[in-house]
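Working notes, structure below.
The values are calculated or read from the model by the stated rules, or taken from the named source; none is laboratory data. Predicted, not measured: the structure shown is a model, and the values here were computed from it. All Cβ positions, even for glycine, are placed from backbone atoms using ideal geometry, and neighbour counts span all protein chains on display.
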Amino acid sequence: MSETPAAPPVLLSVDARGIATATLNRPHKGNAYDEDLLAALIEGLDRLAAEPKLRALVIRGAGRHFQAGADLDWLARAATYPPERAFEASMATTRAMQKLNEFPRPTFALIHGACFGGGCGIVCCVDVALATTDAIFGITEVRVGVAPTPISTHMVNAMGLRHTRRYALTGERFDAAEAQRIGLVHEVHPADRIEARLAEILDQTMLSGPGAIAMTKHSFLAANGLTLDPREMAMLAHESWMQRASAEGREGLAAFREKRRPNWYR
């Protein structure tokens, strides 16, 4: 009896108008990312960026949640990797965010349910972010003793240093209204309205020249120092894996999996 093939971790499609959809497809894990999802996302972004007729990209999450950050089972395994592989695991996150941030077409995120950690990073890297009223957010890496360095520059760019400092250091959860107030998302709509609103904005985008859009986006990022060079990416990835492999990182992940408070709590 043959086994059913595993579903791809990222589903890609392109409609007749040239609008691509990338659906994060690990609903049983809240679309939390691991090495396979990151590799699929990077490969998909590269492939779509090379498509001359592509006009826009929409990021979605399958199931109940948009994206719940890193898969903590994977993080626990990555904490035991030898240095070179551990660095590459963090570099995969850093590279996926960099490619999304610098994607040469307009990018959109449709956020529902949970949006934690790297999910917030994805939202910070798109051009337009729409959330449902019931979406819940959190930059929660510090709660498990790891650091959100692969998404740090994008959070500051999107929300400003003041808001990033608060939420990345406290790990607090916050609702969609607060996400809009601090600039993480642009608009908040009821779930039964958000698809129509996305269609409206996409239709407006299609009125603009594709070349002009690409040049405008590149200019905004490059002229304001909002792109990442290889040295900066390596630094962010290095900081990430060093903290993950530390005694504190191991304790934080163990505490979460064992459903107890970490030993630093007082």
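Scanning the stretch 80-128 for residues that are among the hydrophobic types (A, V, I, L, M, F, W, C) and touching a Gly at 6+ places or on another chain (Cβ under 6 Å), we see that the one that is farthest from Leu41 (Cα to Cα) is Ala114. Among the residues of the stretch 33-88, those identified as closer than 20 Å to Ala109 by Cβ and among the aromatic types (Phe, Trp, Tyr) are Tyr33, Phe66. Exactly one residue out of Ala214, Ala223 is within 22 Å of the chain's Cα centre (by Cα) and either at pLDDT below 95 or among the small types (Gly, Ala, Ser) (or both): that is Ala214.
Residues in the stretch 125-139 that are under 25 Å from Glu248 (Cβ atoms) and buried (at least 24 other Cβ atoms within 10 Å of the Cβ): Phe137, Ile139. The residues in the stretch 73-123 that are modelled with pLDDT of 95 or more, assigned to a loop (DSSP other than H, G, I, E, B) and of a type outside the set (D, E, K, R) can be counted, and the count is 6. What do you reckon, is Arg17 part of a helix (DSSP H, G or I), charged (D, E, K, R) and either more than 28 Å from Glu195 (Cβ to Cβ) or at pLDDT 95 or above (or both)? Considered against the rule, which asks whether it is part of a helix (DSSP H, G or I), charged (D, E, K, R) and either more than 28 Å from Glu195 (Cβ to Cβ) or at pLDDT 95 or above (or both), Arg17 comes out as no. Sub-8 Å Cβ pairs linking a first residue in the stretch 15-38 that is acidic (Asp, Glu) to a second residue that is assigned to a strand (DSSP E or B) and surrounded by fewer than 19 Cβ atoms within 10 Å (Cβ to Cβ), at least 6 apart or interchain, are Asp15/Thr21, ordered by first then second residue.
Restricting Arg197, Arg173, Arg250 to those that are touching a Phe, Trp or Tyr at 6+ places or on another chain (Cβ under 7 Å) and of a type in the set (Lys, Arg) reduces the list to Arg173.
Here's the yes/no breakdown for (1) touching a Pro at 6+ places or on another chain (Cβ under 8 Å); (2) closer than 21 Å to Ala158 by Cβ:
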| site | (1), (2) |
| --- | --- |
| Phe174 | no, yes |
| Ile182 | no, yes |
| His186 | no, yes |
| Pro190 | no, no |
| Glu200 | no, no |
| Met215 | no, no |
| Asp229 | no, yes |
| Met233 | no, yes |
| Ser240 | yes, yes |
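Select from the stretch 236-262 the residues that are of a type in the set (A, V, I, L, M) and free of Cβ contacts under 8 Å to residues at least 24 places away in the same chain and write down the one among them that is surrounded by the fewest Cβ atoms within 10 Å (Cβ to Cβ). Taking the candidates together, the pick is Ala247.
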